[in-house]
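The values are calculated or read from the model by the stated rules, or taken from the named source; none is laboratory data. From a predicted model like this one, the values you see are computed outputs, not experimental measurements. Using ideal geometry, Cβ is built from the backbone for each residue, glycine included, and neighbour counts are taken over all protein chains shown.
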Amino acid sequence: MSGLNESDPYWGTRALDFVDAIDRANTPGEVANLLAKEIEQAGFHAYLIIGLPESQTSSNNSFKHRILAKGWPIGWTELYVKEGLAAFDPVPRYAAQTMDPFVWSKAPYDPVREQRAEYVMKRAIDFQLAEGFCVPIHTDDGPGSVVSLGGERPELTRSIRSAMHLISLYSFHRMKSLLKTKKLNDRVLSPRERDILAWIATGLTSAAVAEKLGLSETTVLTHITSAQRKLNAPNRIATVVAALRRGEITL
Amino acid sequence: MAEVHVVCAGNRHLYEDVLDDYFRARHRIYVDERRWMELAKPDGREIDQFDGPTTVYIIAIEGRRVVGSQRMVPTCGPTLMGDVFPRLAAGRGLVRRPDACELSRMFVVRDRRGDAAHPRIESLVMAGTMEYGLAEGIRQFTIVMETWWIPRFLAMGWKVRPLGLPIDIGGMNCVGVVLDVNMSSWRETLRTRSVAGHVLVWNGLESSSTASRVA
């Protein structure tokens, strides 16, 4: 099953069939299941799809919010966050600097001067994450993302790496599109209500918003009350916060 | 804003100065900058076997200066994928059909990359390429490209599908892909790349090939 040359027909076919199949997945859960099942064939038992941090120093605070999909061993994420390992992990650090996929053990760090990095890699072994494969994704918007696959002794032949590369890229895209659609479908506010709340969020009074949008203040207040009811919020500030959190409006 | 011109055998006499700048720009980018030394030419013009009478160039110019481009050849003739890297299509097979073209040599000159222009030069070239395909009745594009481009194409609505596993070509992780030319991909490109609409200029080509212009 493991290929000796680059054009291994077994993994070639598997990867291309996967690309076709993932397009037919209709929920983020389906994408996750297909991905988990596929990578298992190459000896991976864990995956993480996550946005890269704006900077590595602040990366631990934002870790959980950056996750798109998680199939990590129980306890590992908790430990990772509790001990602030994101700030020392050489894998995301290298992913931020390279366009091509790499095996975890190739992510460079200085074992003498960066003992925390060494610690992350050693600690992962306790969770059966001795080796892995990381696929960086850099589009033009923001710091990029990764799909990271882990296991105890995954097969990492050239053709399996190529197959995992394609599988990861297309899983990422499908997952992201479905999450976006879900967010849009989950929206409950009208465009006008979102518009008004977005202005309120910048600090404008309802009178100022009314003037800005060419509406009467009564109309603006009616829209705010309606949004407040839909979001089940007790007051105006809570309405704005709820709208932001749900992605109804952005800053 | 840069203009995006269609340049081919039918109108190249109107673009001799632009084409000269174009081949020099390619030499600067692929030889001087990217160090693909096998493409080096003593006269500083990077021209290869795919620059022929059936080649079509989508060229973005500011004034008469070339700032970005994409090249197209019919897949029934010689192509990069078919004749140089056929292994890239080992999974699904080569695409060779009269209504499919291969794209190559997509570039933006160094000082006009990224946010140096609005919309980005790269976006104008991509939108122009899809517009050309629609206008000329092309059904598919094939591309030999570095694999990291896949998510970028997907994000702008170009539904690229690999024809085989990625392979290493001269230290670059490359893949062969095919994608459909259709209105939804074109509209998605305009939307995601903030391009207002049609971008192509068809100087000297009015009579020949513009009958099926995009609605």
- Note on the structure: Counting only residues in region A:43-73 that are in a helix (DSSP H, G or I) and more than 10 Å from the chain's Cα centre (by Cα), the one nearest to A:R123 (Cα to Cα) is identified as A:N60
- Message: As an exercise: evaluate B:L94 against (1) under 23 Å from B:G137 (Cα atoms); (2) within 18 Å of the chain's Cα centre (by Cα) and give the number of the one condition it does not meet.
- Response: (2)
- Query: Going through region B:71-117 one residue at a time, which ones are within 14 Å of chain A (Cβ to nearest Cβ), touching a residue at least 60 places away in the same chain (Cβ under 8 Å) and on the phi > 0 side of the Ramachandran plot?
  - Reply: B:G93
- Note on the structure: Filter region A:130-141 for residues that are in contact with a strand residue (DSSP E or B) (Cβ under 7 Å, 6 or more places away or on another chain) and not charged (D, E, K, R); the one that is nearest to A:I160 (Cα to Cα) is A:F133
- Message: Just checking, does region A:90-110 include any residue being within 14 Å of chain B (Cβ to nearest Cβ), touching a Gly at 6+ places or on another chain (Cβ under 6 Å), part of a loop (DSSP other than H, G, I, E, B) and crowded, with 16+ Cβ neighbours inside 10 Å?
- Response: no
- Task: Select from region B:18-48 the residues that are over 22 Å from B:N203 (Cα atoms) and acidic (D, E) and list them in ascending order.
- Result: B:D32, B:E33, B:E38, B:D43, B:E46, B:D48
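Counting just the residues of region A:56-85 that are among the aliphatic types (A, V, I, L, M) and within 24 Å of A:H165 (Cβ to Cβ), which one comes out surrounded by the most Cβ atoms within 10 Å (Cβ to Cβ)?
Of everything passing the filter in region A:56-85, A:A69 is surrounded by the most Cβ atoms within 10 Å (Cβ to Cβ).
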- Applying the selection to region A:154-207, what residues are polar (S, T, N, Q) and surrounded by fewer than 21 Cβ atoms within 10 Å (Cβ to Cβ)? A:T157, A:S177, A:T181, A:N185, A:S190, A:T202, A:T205, A:S206
- Return the only residue of A:L169, A:L129 being within 9 Å of another protein chain (Cβ to nearest Cβ) and touching a residue at least 12 places away in the same chain (Cβ under 8 Å). A:L169
- Message: Checking the condition under 29 Å from the mean Cα position of the chain (by Cα), outside the structural domain of A:N26 (by TED's automatic domain parsing) and surrounded by 13 or more Cβ atoms within 10 Å (Cβ to Cβ), which residue from A:K212, A:K230 passes?
- Response: A:K230
- Within region B:38-97, work out how many residues are of a type in the set (S, T, N, Q) and under 18 Å from B:E122 (Cα atoms). 2
- Task: State whether the residues of region B:183-196 include one that is outside any loop (DSSP other than H, G, I, E, B), within 16 Å of the chain's Cα centre (by Cα) and either within 12 Å of chain A (Cβ to nearest Cβ) or basic (K, R) (or both).
- Result: no
- For region B:26-70, the count of residues that are under 30 Å from B:P98 (Cα atoms), in contact (Cβ under 8 Å) with a residue 60 or more places away in the chain and assigned to a helix (DSSP H, G or I) equals 2
- Among (1) without any contact (Cβ under 8 Å) to a residue 24 or more places away in the chain; (2) surrounded by fewer than 14 Cβ atoms within 10 Å (Cβ to Cβ); (3) among the small types (G, A, S), A:G247 falls short only on (1)
- Message: Can you name every one of the helices (runs of 4 or more DSSP H) wholly within region A:115-206 that holds 2 or more residues which are touching a Phe, Trp or Tyr at 6+ places or on another chain (Cβ under 9 Å) and over 27 Å from B:L88 (Cα atoms)?
- Response: A:115-125
